[in-house]
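Structure record follows, encoded as structure tokens.
Values in this text are rule-based calculations from the coordinates and carry no lab data. Everything numeric in this text was worked out from a predicted model, so none of it was measured. Counting neighbours? That spans all protein chains shown, and the Cβs are built from the backbone with ideal geometry, glycine included.
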């Protein structure tokens, strides 16, 4: 399953980055199954500018509602003008898609023999794949060669909620062919529980471990990781977190007055995949691999900077976000 | 890849049937990206009655347009009442989804390095996965535990348009877990051409070969296979076709006056996957495996009879459709 040798052997371009589109950043958290169209549009343009140099064309040729014609700009294509596209994988969360169905039926707890769980599994997959399709469509409209790939369909499964089978070869083949795979948190089969939810954050950790991107960006609805819930008035944004070999982490910037203070974490009641606990744990595990992780608010100048790949060289003082990396 | 041993070893239930939802039967052929809602609704109910005994529940808990609530009937679930679901795989064609995008860009001819082909590949996948999602949703509404599985995501690929890699283990795992996998004709990578279109009919042949269903049903927009294009006034429905060991076939019923007459075939100009040529060839190859194939008009009493599994025992004289099976 480890594809590092694949790159070494065939001299393929290395993976540039993995971007997580947080469910809270691209959907309206408090409105059921509603996409945050404004954010998604900006995120899509920022991704396009971050990875493609040269011309690109709209790749969603769907019929628009109310129209009888399919939208296509086929005549604009010039096969002489090739664009260059950095290798990118997008993984998105569920936000207001899927969580309701999953938590109402208890899909994350397993038990597929129960009619409610089985129905909830189907309902969850319908909801998350609906979101996946809309994200693929939004990226394609902006000229990103996006290809939806559901972990369930890729044959990914878990055992007691830990990844048991998750062959990355199909993802690598899509990358090799010049596409941008778009994966998502999904309902999957679990050899012990029957089924569970595989979160986008766990997927990213797995992909990072096997495909070794230069860096990973988490786009969220807040500016980064805070020392307590960011809705509290005194919450302090943690600008730099160092992860140690033993998996523990410490805050390098800002210098916290109370050094013993733990980073407080919030888990939204509807978040069946663990909220910030999962996110920080997975981010720390990625950083431990020597891969820089940036957590930044979506659709801002700061996310644009992260997606343009400017941060690995130098993090400007006015950049707002959290960097998590391996301690020196 | 051959999973017959899987069943033998573990005593799993054999696959009951594979059903092809023809693109022309479930979409409006002449209206771009438009589903034939009436047909799909009837097909879905017929499938439900054909495979499920006992109670079943709506499994699409999506928010309806205009509503702020998610539709769910969670309180109705009774975990004591288990239903029994026969093992079924659904494969659908593209109809008015995908064909336009594929033929406009030449995805079936390959050449992913060309911007037009690459864009067309993305556009084709968006279109066919949109249809897939709507079919999964329609089946789930009627209580069929449907799970969308795109061949591309399953890692299926071709070499010079022939299937090169198409591991069925993910499909079998979904069946084992009690789900109904819903696959579709898809744009896939081709190791020789770069990319091509893998048709639903080729997928069915592959699945039939490896998973050995009791029978296969093709639901179409005409009553079966005719001796010439069915729009011609003298077209005769071929009721029974026998396939011989060498792959040739002969018409057993009705007795054709001109025995040397070839079955005429029509290939619609927009059908990038081959129309009736592909269908009859693949159906004959399935029949050669000893698996009965029924080609029947969707959403009729005749399709209901085929889906209820009544035909393998006895084909009534008033059943309208085409049976293709191995010659005695």
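Looking only at other chains, what is the average number of their beta-carbon atoms within 10 angstrom of each beta-carbon in A:144-156?
What the average comes to for A:144-156 is 6.
Roughly how crowded by other chains is peptide B:122-135, in terms of the mean Cβ count from those chains within 10 Å of each of its Cβ atoms?
Shielding by partners across B:122-135 averages 6.
Using the reciprocal of the averaged 1/r over all distinct C-alpha pairs, how large is the Kirkwood radius of segment A:13-153 in Å?
About 16.9 Å, per the Kirkwood formula over Cα pairs.
So for the protein assembly as shown: antiparallel DSSP bridges make up what percent, rounded to the nearest 5?
45
State log₁₀ I(q)/I(0) for the protein assembly as shown at q = 0.11 Å⁻¹ as given by the Debye formula over alpha-carbon point scatterers of equal weight, solvent excluded.
Rounded to two decimals, the profile gives -1.08.
Hey, in the GNM for chain B with a 10 angstrom Cα cutoff, which one of B:115, B:213, B:233 fluctuates hardest?
Of the options given, B:233 has the highest mean-square fluctuation.
Pairs of alpha-carbon atoms within less than 8 angstrom and 6+ residues apart define the contacts here; what relative contact order does segment A:102-251 have, in percent?
19
Could you sort B:51-60, B:201-210 so that the peptide with the highest average Cβ count within 10 Å comes first and the rest follow in order? Can you show the working numbers first?
Numbers: B:51-60: 18.1, B:201-210: 23.1.
The most tightly packed comes first, giving B:201-210, B:51-60.
In what order do A:71, B:240 fall by count of nearby beta-carbon atoms within 10 Å, going from fewest to most?
So the ranking, lowest neighbour count to highest, is A:71, B:240.
Taking the Cβ of each residue in A:281, A:196 as the centre, tally the other Cβ atoms inside 10 Å and list the residues starting with the fewest.
Final ranking by Cβ density, sparse to dense: A:281, A:196.
Fewest to most neighbouring Cβ within 10 Å: what's the order for B:74, A:122? All intermediate terms of the calculation are to be shown ahead of the outcome.
Values: B:74 14, A:122 30.
Arranged by neighbour count, lowest to highest, B:74, A:122 become B:74, A:122.
How do the peptides A:160-167, A:22-29 rank, highest first, by the average count of neighbouring beta carbon atoms within 10 Å per residue?
A:22-29, A:160-167
Do you know the relative contact order of chain B, to the nearest whole percent, from alpha carbon pairs under 8 angstrom that are 6+ apart?
21
Ignore the peptide's own chain and count Cβ atoms of other chains within 10 Å of each Cβ in A:23-33; give me the average, rounded.
If you average over the peptide's residues, the count of other-chain Cβ atoms is 1.
Once you have the Kirkwood Rh of segment A:145-265 from its Cα pairs, apply Stokes-Einstein at 10 °C and 1.306 mPa s and quote D in µm²/s.
Values: Rh = 17.0 Å.
The estimated diffusion coefficient comes to 93 µm²/s.
Of all DSSP beta bridges located in chain B, what percent are antiparallel, nearest 5?
On the way: 21 of 48 bridges.
So the antiparallel bridges amount to about 45 percent of the total.
Where does chain B land at 222 nm, in deg cm²/dmol rounded to the nearest 500, when only DSSP H runs of n ≥ 4 count, each adding -39500 (n - 2.57), divided by all residues? All intermediate terms of the calculation are to be shown ahead of the outcome.
Working: 9 runs with 101 residues, N = 328.
Taking each H run of at least 4 residues, the total per residue is -9500 deg cm²/dmol.
For label points placed 7 Å from Cα toward Cβ, what is the shortest-first list of nm distances from residue B:41 to its copies?
So the label point of residue B:41 gives 3.5 nm to the other copies.
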